[in-house]
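A quick write-up on the structure given underneath.
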Amino acid sequence: MTTLKQGRKILGMLEGTPAEQAQKLLRGGYFSDLLKANTEQMNRADFQKICGLVRIIDCDADPFVPSGFTLMSHRKGGQIIWDPRKAELYLSKGQKNGKVISGNDLDKELANVSGILNANVLDYLLAHQELIPKEWEGKFVYFWGTEYLSVGTSYVRYLRRGGGRWYSYSYWLGYGWDGDSPAARFAS
């Protein structure tokens, strides 16, 4: 018999899990197995491993290079365990309060900011759109850890939602970045 305490612990471990994944777990019978386990000795990491909720992104791998582009730079970031709660949208002071900063100036500033995500994360999220934080909707979310060249000019790729799904685009560093154009960052 399941106790209220066990149920609360399992629901607590589900916090931050997209509703669609939680429903799949329920239908897949994971919870009946978990209820038989000793939840007093189980932590969130164990729970996520058991349910296949751990998402590892290899930020050291060579990134995807879109047609017409060449790779200019790629800031490696190791293996990260994706947790949408650790994803942040970073704005420079030059992007706040209605200000606009040039992409080249922002690029120099971001070189000194830790946790800036690269295009490997963009491509992973594009393939697993249910993992993209809801707070990102309505924004142009840039992945400054990877830069590309096309016809002698530098570009950064970004995610943008439109028509009910997320798409990847690129933006020239010669343009300006405002408050709707944050850099994707991962808090450690």
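Quick notes
- Test: residue in the range 150-159 that is within 13 Å of the chain's Cα centre (by Cα), more than 19 Å from Trp177 (Cα to Cα) and in contact (Cβ under 8 Å) with a residue 40 or more places away in the chain: no
- Residues located in the range 111-130, provided they are under 14 Å from Glu88 (Cα atoms) and crowded, with 17+ Cβ neighbours inside 10 Å: Gly115, Ile116, Leu117, Asn118, Val121, Leu122
- Matching residues in the range 140-156 - criterion: being part of a strand (DSSP E or B) and among the hydrophobic types (A, V, I, L, M, F, W, C): Val141, Phe143, Trp144, Leu149, Val156
- Whichever residue in the range 53-78 is under 13 Å from the mean Cα position of the chain (by Cα) and more than 15 Å from Ala119 (Cβ to Cβ) and, among such residues, is modelled with the lowest pLDDT: Arg55
- Candidate set from the range 138-149 (those that are free of Cβ contacts under 8 Å to residues at least 60 places away in the same chain and more than 18 Å from Lys86 (Cβ to Cβ)); member that is surrounded by the fewest Cβ atoms within 10 Å (Cβ to Cβ): Gly138
- Residue match in the range 77-94 (condition: touching a strand residue (DSSP E or B) at 6+ places or on another chain (Cβ under 8 Å), farther than 22 Å from Tyr155 by Cα and exposed (fewer than 14 other Cβ atoms within 10 Å of the Cβ)): yes
The values are calculated or read from the model by the stated rules, or taken from the named source; none is laboratory data. From a predicted model like this one, the values you see are computed outputs, not experimental measurements. Virtual Cβ from ideal backbone geometry, glycine too; neighbours counted across all protein chains shown.
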